[in-house]
Amino acid sequence: MAGIAGVATGGQESQVGDALHTIAHRGRAGKTVQSGSRVTLGEVWPRAQARYAQDASLHPVVLDAEIHNWAELATGAASPREAVQAYYRGRGPAFVAELDGPFALAMGTSEGVFLARDVVGKSPLYWGRRGEAVCFCSEIKGLLGWATDIAEFPPGHYYQPGSGVVCFATVAEQPPIDLSPEAVAAELKARLVKSVRKRVGGGEVGVWLSGGVDSATMAALARRQTSKLDTFVVGLPGAPDLKYARMVADHIGSRHHERVCSADELPTMLQEVIYHLESFDALLVRSSLPNYLAGRIASDHVSAVLSGEGGDELFAGYHYLKELSPDQIPEELIDITNRLHNTALQRVDRCSASHGLVARTGFLDRDVVDFALRIPAHMKVSDNGEKTGKWILRKAMAGLLPDEVLWRRKAKFWEGSGVGDLLAGYAEQTISDSEFAAERVVSDAVPLRTKEELLYYRIFKAHFGDSVDPALVGRTKGAPVA
């Protein structure tokens with residue numbers, strides 16, 4: 001994804017340029033910094049998100065976004081950027097509720113800087129203060145050393161000088177639809193096809209393919225809409241992801257790329273991965289190691305990849321959800337979907353952007369999300385003698401994937417890739433019981449859960465010092481505690 005940075009003060013080209021240099025990995029295709037009387041805005045962009053011209057007579061805009069309906073928003077606009085400029089002028093700040101696609105955007109106005117972020121938080125955005133002025137950046141590291149009060153900008157909100165922070169959209173429970181399972185599966189498949197069509201674009205797209213039903217869905221639908229498709233998988237020797245990804249690739253006829261890594265290789269990657277990830281959450285770091293390698297491989301072949309992120313949250317893929325009653329499931333799915341922005345989606349963003357790659361999440365398309373929220377819980381977790389998660393998604397994809405993949409038992413990214421508890425064992429050997437007891441509480445609000453998490457926190461603090469509040473780091477729900 002692209003990278004943006006700025007401050008609500010004119011003449012700060014050097015400072016904003018330094019912030020962009022820190023996140024230059026996000027945009028290796030180009031860079032720009034523009035300054036007005038009230039703002040200085042900057043942007044770097046990757047190959048998959050070309051820098052589009054904007055109307056110099058309107059408010060300047062920087063975007064980390066893929067706005068699929070931009071041509072419908074403003075008559076005469078020649079690019080997404082011009083559409084945003086014109087739509088803001090015509091509709092005011094609430095226009096962001098009508099944008100279709102992930103976005104983090106900043107716009108210079110006569111009052112200062114306008115900020116907004118999409119409802120699930122697919123595009124990252126952090127903000128703080130430089131003196132009395134609002135400043136922002138796509139990654140925390142770009143604000144260190146010149147900003148105070150650094151915080152994550154909330155998903156589904158905009159900031160308008162004079163009005164403050166305003167919620168424009170939420171992911172919330174919806175009344176269930178009254179349709180047969182066959183009708184629901186057909187509609188779900190149709191919406192997924194459209195979502196993938198938006199994200200395939202002009203080609204040069206691949207898929208991070210773990211061999212689970214979510215990434216396999218993206219791969220199967222994308223392959224039917226492209227003349228060729230590259231797929232990528234990473235795992236340790238004997239990892240189940242390698243087997244199932246190869247099975248899917250053979251079935252759909254993709255050009256498959258496989259990276260087998262060794263157990264000894266994983267600890268050597270921690271410094272680099274945690275720097276980019278900006279997290280010490282144990283399960284997030286675990287899953288980021290193979291994902292980071294997958295991003296590196298993919299960047300050698302394509303400019304964008306499809307990811308299956310969001311499928312588990314929308315369609316009840318996690319094992320513990322089977323233990324809930326049907327009336328508890330919708331609320332729980334809303335909760336874990338609203339946690340994606342600083343956990344799994346942060347992994348997806350950093351593991352792609354660190355290599356100048358764009359990751360696209362087809363399950364988080366607004367039309368798919370809207371429909372998924374209205375699918376009854378009993379169609380997500382089916383109980384036909386044995387409870388099956390994501391039942392309706394599997395039904396929608398019947399005939400497009402091998403049955404062995406379609407009904408594969410859910411495995412978390414770090415489990416399927418073979419990472420398992422290797423890093424927990426490494427941490428056990430590295431950190432003594434007395435060290436863990438002495439260092440476990442890093443703040444009143446953030447106790448570290450395990451030695452593995454302490455191992456990662458030490459690296460995190462070495463990179464970012466005391467400038468980043470540990471409470472800013474997202475934590476995986478239900479992670480093990482020592």
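Checked against (1) modelled with pLDDT of 95 or more; (2) among the small types (Gly, Ala, Ser); (3) closer than 20 Å to Val369 by Cα, Gly212 meets all criteria but (1).
Of the set (1) assigned to a loop (DSSP other than H, G, I, E, B); (2) of a type outside the set (S, T, N, Q); (3) free of Cβ contacts under 8 Å to residues at least 24 places away in the same chain; (4) closer than 24 Å to Ala5 by Cα, all apply to Leu179 but (4). The sole residue among Ser325, Ser352 that is among the polar types (S, T, N, Q), assigned to a loop (DSSP other than H, G, I, E, B) and not assigned by TED's automatic domain parsing to the domain that holds Pro155 is Ser325.
Number of residues in the range 261-311 that are among the charged types (D, E, K, R) and surrounded by fewer than 24 Cβ atoms within 10 Å (Cβ to Cβ): the value is 6. For the range 376-398, filtered to residues that are in contact (Cβ under 8 Å) with a residue 24 or more places away in the chain and assigned to a loop (DSSP other than H, G, I, E, B), the residue that is surrounded by the fewest Cβ atoms within 10 Å (Cβ to Cβ) is Pro376. Only helices (runs of 4 or more DSSP H) whose full extent lies in the range 419-482 are considered here, and the ones with at least 2 residues that are crowded, with 17+ Cβ neighbours inside 10 Å and among the aromatic types (Phe, Trp, Tyr) are 451-464. Filter the range 80-106 for residues that are modelled with pLDDT under 95 and either on the phi > 0 side of the Ramachandran plot or crowded, with 24+ Cβ neighbours inside 10 Å (or both) and give the result. Within the range 80-106, Pro80, Arg81, Ala83, Val84, Gly92 meet the criteria. Residues in the range 29-51 that are out of contact with any Leu (no Cβ under 6 Å at 6 or more places or on another chain) and either surrounded by fewer than 16 Cβ atoms within 10 Å (Cβ to Cβ) or polar (S, T, N, Q) (or both): Ala29, Gly30, Thr32, Ser35, Gly36, Ser37, Thr40, Gln49, Ala50.
Condition check ((1) in contact with an Asp or Glu (Cβ under 6 Å, 6 or more places away or on another chain); (2) among the aromatic types (Phe, Trp, Tyr); (3) farther than 23 Å from Ala147 by Cβ; (4) not in a strand (DSSP E or B)) across all residues:
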{"position": "Thr9", "(1), (2), (3), (4)": "no, no, no, yes"}
{"position": "Thr32", "(1), (2), (3), (4)": "yes, no, no, no"}
{"position": "Thr75", "(1), (2), (3), (4)": "no, no, yes, yes"}
{"position": "Tyr87", "(1), (2), (3), (4)": "no, yes, yes, yes"}
{"position": "Gly90", "(1), (2), (3), (4)": "no, no, yes, yes"}
{"position": "Ala97", "(1), (2), (3), (4)": "no, no, yes, yes"}
{"position": "Ala104", "(1), (2), (3), (4)": "yes, no, no, no"}
{"position": "Gly108", "(1), (2), (3), (4)": "no, no, no, no"}
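The values are calculated or read from the model by the stated rules, or taken from the named source; none is laboratory data. What you see is a predicted model, and the numbers here were worked out from it, not measured in a lab. Ideal geometry is used to build each Cβ from the backbone, glycine not excepted, and the neighbour counts take in all protein chains shown.
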